[in-house]
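Let me begin by presenting the structure, written as structure tokens, before commenting on it.
The values are calculated or read from the model by the stated rules, or taken from the named source; none is laboratory data. These figures come from a predicted structure and were not determined experimentally. Cβ: placed from backbone, ideal geometry, glycine included. Neighbour counts: every protein chain shown.
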Amino acid sequence: MSKNQIGQQPLVTLLSDFGDRDIYVGIMKGVIAQINPRLTVVDLTHQISPQDIAAARFNLMNAYLYFPVGTVHIAVVDPGVGSKRRAIAVEFAQGFLIGPDNGIFSGVLSQSPAIVAVELTNLNYWRTPQPSKTFHGRDIFAPVGANLASGVPLKQLGQEIDPATLVKLDIDECKQTNTSVVGCIQYIDRFGNLVSNIPASYVQGKTWCVQAAGLSIPGCETYSDVKVGEILALVGSHGWVEIAINSGNAHSQLQLGQKTLQVVLS
């Protein structure tokens, strides 16, 4: 593997649902440091709700572009750990993805398709040939990621597989008509903002509103375009249309039971 554009070894990022109360994240970093203490490890987040693969997918999809080409992204939200689900590594244009084959990478790969994918079958790059049934992050993903970032070729990590067979999460794409775009809520952030799967490009330069659960929500530029406590729709920093409440929590206050929403354009 070549070094990145500034001549340093590739970065390694970690994303998980492990939280910060337990030792799991620290152990993964220790395993990486045992293999190569010179690697820089960046925590994307470890506050994904337990087993929430869709939230992990969203966060990784909206983070990878902010890292140098060649970055190794290790993502572990893995309710199927210890089962027959595959452990994989994937090369794409921006770098590499390592984790379970459960759809966690489907957001990234919908924007930047896989170039090569392998199932992690080469035990020489695992921490142990007898990994824990409950902690593949420690025993498989962290050591494989460290070896990959240290120069081990991707294809040496296991058996090459068809990228078309990688698991995809069942998240519908938004659909456009002449006057509207129909989408769904794909993520709820810490502030309670309801983030849709409708990209900013559909509403740029237009007057628009969001219709959801009988509400008509005006499209705005900033939170301050409405009074404190009022509902609005806007494009968040991630580039997706979202529903929010100025200084409030849209998720808890609106109680939107349905995830489908419609952006009406004019």
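Within region 153-173, restricting attention to residues that are among the hydrophobic types (A, V, I, L, M, F, W, C) and within 20 Å of V116 (Cβ to Cβ), which residue is surrounded by the fewest Cβ atoms within 10 Å (Cβ to Cβ)? Once the filter is applied, the top-ranked residue is A164. Can you say whether I27 is touching a residue at least 24 places away in the same chain (Cβ under 8 Å) and buried (at least 20 other Cβ atoms within 10 Å of the Cβ), as far as the supplied structure shows? Here the answer is no, as I27 does not meet what is asked.
Looking across I74, I104, one residue alone is buried (at least 22 other Cβ atoms within 10 Å of the Cβ), within 18 Å of K168 (Cβ to Cβ) and under 13 Å from the mean Cα position of the chain (by Cα). It is I104. Looking at G137, G107, just one residue is closer than 18 Å to F18 by Cα and small (G, A, S), and that residue is G137.
Please determine whether any residue of region 183-192 is more than 28 Å from F18 (Cβ to Cβ), crowded, with 17+ Cβ neighbours inside 10 Å and in contact (Cβ under 8 Å) with a residue 60 or more places away in the chain. Among the residues of region 183-192, at least one is more than 28 Å from F18 (Cβ to Cβ), crowded, with 17+ Cβ neighbours inside 10 Å and in contact (Cβ under 8 Å) with a residue 60 or more places away in the chain, which makes the answer yes. Screening D20 on (1) surrounded by 13 or more Cβ atoms within 10 Å (Cβ to Cβ); (2) without any contact (Cβ under 8 Å) to a residue 40 or more places away in the chain; (3) not in a helix (DSSP H, G or I) shows it passes everything except condition (1). Of all residues in region 154-173, those being more than 23 Å from A33 (Cα to Cα), in contact (Cβ under 8 Å) with a residue 60 or more places away in the chain and part of a helix (DSSP H, G or I) number 1.
Yes/no matrix, rows are residues, columns are (1) surrounded by 16 or more Cβ atoms within 10 Å (Cβ to Cβ); (2) touching a residue at least 60 places away in the same chain (Cβ under 8 Å); (3) over 20 Å from the mean Cα position of the chain (by Cα):
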| site | (1), (2), (3) |
| --- | --- |
| V69 | no, yes, no |
| I88 | yes, yes, no |
| A93 | no, no, no |
| L97 | yes, no, no |
| L109 | yes, no, no |
| S132 | no, no, yes |
| G137 | yes, yes, no |
| P143 | yes, yes, yes |
| G151 | no, yes, yes |
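Being touching a helix residue (DSSP H, G or I) at 6+ places or on another chain (Cβ under 6 Å) and part of a strand (DSSP E or B) is the filter; apply it to region 200-244 and report the residue that is nearest to Y187 (Cα to Cα). It comes out as I243.
Among the residues of region 193-200, are any under 22 Å from K175 (Cα atoms), surrounded by 13 or more Cβ atoms within 10 Å (Cβ to Cβ), over 21 Å from the mean Cα position of the chain (by Cα) and not small (G, A, S)? Scanning region 193-200 turns up no residue that is under 22 Å from K175 (Cα atoms), surrounded by 13 or more Cβ atoms within 10 Å (Cβ to Cβ), over 21 Å from the mean Cα position of the chain (by Cα) and not small (G, A, S). Please give the number of the condition T207 fails out of (1) surrounded by 13 or more Cβ atoms within 10 Å (Cβ to Cβ); (2) in the same structural domain as N246 (by TED's automatic domain parsing). The failed condition is (1). Return yes or no: is R57 over 15 Å from A146 (Cα atoms), surrounded by 15 or more Cβ atoms within 10 Å (Cβ to Cβ) and either in contact with an Asp or Glu (Cβ under 6 Å, 6 or more places away or on another chain) or not assigned by TED's automatic domain parsing to the domain that holds P153 (or both)? No.
Taking the numbered list (1) in contact (Cβ under 8 Å) with a residue 40 or more places away in the chain; (2) in contact with an Asp or Glu (Cβ under 9 Å, 6 or more places away or on another chain); (3) of a type in the set (A, V, I, L, M) in turn, V235 passes all entries but (1). Filtering region 7-19 to residues that are at pLDDT below 95 and on the phi < 0 side of the Ramachandran plot leaves Q8, Q9, P10. So which of L65, L60 is touching a Phe, Trp or Tyr at 6+ places or on another chain (Cβ under 9 Å) and of a type in the set (A, V, I, L, M)? None of the others qualify; the one that does is L60.
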